[in-house]
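Accompanying notes for the structure given below.
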Amino acid sequence: MPVEGAPRDHFLVLGAGGLGAPALLGLLTAGARRLTIVDRDIVETSNLQRQVLFDVGDVGSAKATAAAAQLRRRTRDLEIDARVLDLDADNLGELLDEHRAEGVVLECSDSPPLKFMVNDACMARDLPAVIAGAQRWRGQALAVSRGVGACYRCIFEAPPPPGLAEPCSAVGVMGTAVGFFGHLMALHAWRLAQGDDHEVAGSLLAVDLMSLQIHTLRPCPRPACPACAGAGIDPDLDLKQACAALSR
Amino acid sequence: MKHGHPSPSTETLAALRRSTTTPATMPTVRIPTPLRKFTQGNEEVSISGANVGELLTNLEAAHPGIRERICDDKGKVRRFVNIFVGDEDIRFLKNLETEVTDNDEISIIPAIAGG
């Protein structure tokens, strides 16, 4: 079912890597036609195994523009804004302000601080978002909408210190797992676009695809959560760390 | 039956490890992927404990090294880690003093950032 005419119909995909590439394909099949794709990186050969939107001809191209070109080959009537961009608090805020009325954000990076930054910025603007992460066979996804259940910062409060956040390069990423979670993000985003916030937002879905254990948690919003209060991006977030690994 | 093991002996440690094979009598702790290296790859372990704090102490005794990944040096649960007893976040209960029963399932859920 196309999202045309839905309350929100513009999808901002932040990161076109392991999660972002399948999320974009999922959005396309769900009927999305207006997209903004943000990624600062280029396609590398090692990405192709799991970032299935790309092919060998894309190696060396910017991910944002290569993703846009791949999507346009599949559908003619797409409106895509591809941005090769290092996100920071300022340009993220500007981007979200442009789409405050009609946007749904998909946070697809592998950066812990960036997930918090996007959560904070979206909550301050009443922009619904989907935030997910995956490592090895396991991952989690959360749709957030201000005033509807817990947000990402309600649940996790702060990013892990660098020494305790194991990078994907150390623990590995299964292409199947990020594919699953990327499509799940697209489904959540599509539902947020339809205005189904009260049905989808605030439930943390944690899935282990090896054991097929699915855990759905619906925690209470944290009473003192600054993001839910609309405080905006936490100035203590390490933006260099946040933007260092958008989509690898 | 619940047991407290604040300073477990070698025999107690062995008993705790053996106890993982009798899940029907103790709370079950679901171990997230990044911490399974401490549990010999097991995704679930059965550990005794009357409350979450006691359970974490016994978890550390049976699987050394795991507690510091869950709690900070002051003993508080790290901010990016959530512990649920069933579907209830312990922050909204009694934190580490939250009671657990033999049939409870305890989930340790850290933020996962990979993508």
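The values are calculated or read from the model by the stated rules, or taken from the named source; none is laboratory data. Bear in mind that the values here come from a model prediction, so they are computed numbers and not experimental data. Neighbour counts are summed over all protein chains in view; Cβ atoms, including those assigned to glycine, are modelled from backbone coordinates with ideal geometry.
Scan the stretch A:192-204 residue by residue and report those that are within 11 Å of another protein chain (Cβ to nearest Cβ) and of a type outside the set (Gly, Ala, Ser).
The first filter runs over the stretch A:192-204 and keeps only residues within 11 Å of another protein chain (Cβ to nearest Cβ), leaving A:203-204.
The answer is A:LEU204, and nothing else.
From B:PRO6, B:PRO34, which residue is within 19 Å of B:ILE70 (Cβ to Cβ) and either assigned to a loop (DSSP other than H, G, I, E, B) or at pLDDT below 75 (or both)? Explain how you work it out, then say what you get.
On the way: B:PRO34 fails: either assigned to a loop (DSSP other than H, G, I, E, B) or at pLDDT below 75 (or both).
Of the residues listed, the single one that is within 19 Å of B:ILE70 (Cβ to Cβ) and either assigned to a loop (DSSP other than H, G, I, E, B) or at pLDDT below 75 (or both) is B:PRO6.
Each row is one residue, and each column tells you yes or no for (1) over 20 Å from the mean Cα position of the chain (by Cα); (2) more than 10 Å from chain B (Cβ to nearest Cβ); (3) crowded, with 21+ Cβ neighbours inside 10 Å; (4) among the hydroxyl-bearing types (Ser, Thr, Tyr).
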residue	(1), (2), (3), (4)
A:GLY172	no, no, no, no
A:THR176	no, yes, no, yes
A:ALA186	no, yes, yes, no
A:ALA189	no, yes, yes, no
A:ALA206	no, no, yes, no
A:LEU209	no, yes, no, no
A:ARG222	yes, no, no, no
A:ALA231	yes, yes, no, no
A:PRO235	yes, yes, no, no
So in the stretch B:57-95, with the set limited to residues that are away from every other protein chain (no Cβ under 14 Å), buried (at least 18 other Cβ atoms within 10 Å of the Cβ) and not β-branched (Val, Ile, Thr), which one is nearest to A:LEU217 (Cα to Cα)? B:LEU59
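Within the stretch A:82-96, identify whether any single residue is part of a helix (DSSP H, G or I) and crowded, with 23+ Cβ neighbours inside 10 Å, and answer yes or no. Please lay out each step first, then the result.
Pass one, the stretch A:82-96, residues part of a helix (DSSP H, G or I): A:89-96.
Subset that is crowded, with 23+ Cβ neighbours inside 10 Å: A:92.
The answer is yes, given that some residue of the stretch A:82-96 is part of a helix (DSSP H, G or I) and crowded, with 23+ Cβ neighbours inside 10 Å.
Is it true that A:ASP126 is out of contact with any Leu (no Cβ under 6 Å at 6 or more places or on another chain) and free of Cβ contacts under 8 Å to residues at least 12 places away in the same chain? Reasoning before the result, please.
Values: out of contact with any Leu (no Cβ under 6 Å at 6 or more places or on another chain): yes; free of Cβ contacts under 8 Å to residues at least 12 places away in the same chain: no.
Here the answer is no, as A:ASP126 does not meet what is asked.
Is it true that A:ASP41 is over 21 Å from B:GLY115 (Cβ atoms), in contact (Cβ under 8 Å) with a residue 60 or more places away in the chain and either buried (at least 23 other Cβ atoms within 10 Å of the Cβ) or out of contact with any Phe, Trp or Tyr (no Cβ under 7 Å at 6 or more places or on another chain) (or both)? Please lay out each step first, then the result.
Numbers: over 21 Å from B:GLY115 (Cβ atoms): no; in contact (Cβ under 8 Å) with a residue 60 or more places away in the chain: yes; either buried (at least 23 other Cβ atoms within 10 Å of the Cβ) or out of contact with any Phe, Trp or Tyr (no Cβ under 7 Å at 6 or more places or on another chain) (or both): yes.
The answer is no for A:ASP41.
Residues are listed down the side, and each one gets a yes or a no for (1) aliphatic (A, V, I, L, M); (2) within 18 Å of the chain's Cα centre (by Cα):
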| site | (1), (2) |
| --- | --- |
| A:VAL56 | yes, no |
| A:VAL59 | yes, no |
| A:LEU87 | yes, yes |
| A:SER111 | no, yes |
| A:ALA143 | yes, yes |
Looking at B:THR12, B:THR21 in this structure, which one is of a type in the set (S, T, N, Q), at pLDDT below 95 and either in a helix (DSSP H, G or I) or buried (at least 19 other Cβ atoms within 10 Å of the Cβ) (or both)? B:THR12
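How about the stretch A:110-139: which of its residues are part of a strand (DSSP E or B), within 10 Å of chain B (Cβ to nearest Cβ) and buried (at least 24 other Cβ atoms within 10 Å of the Cβ)? Break it down into steps so the answer makes sense when it comes.
Within the stretch A:110-139, the subset part of a strand (DSSP E or B) is A:129-136, A:138-139.
Subsequent filtering for residues that are within 10 Å of chain B (Cβ to nearest Cβ) retains A:131-136, A:138-139.
Within the stretch A:110-139, A:ILE131, A:ALA132, A:GLY133, A:ALA134, A:GLN135, A:ARG138, A:GLY139 meet the criteria.
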Is there a residue in the stretch B:94-104 that is modelled with pLDDT of 95 or more, of a type in the set (D, E, K, R) and assigned to a strand (DSSP E or B)? yes
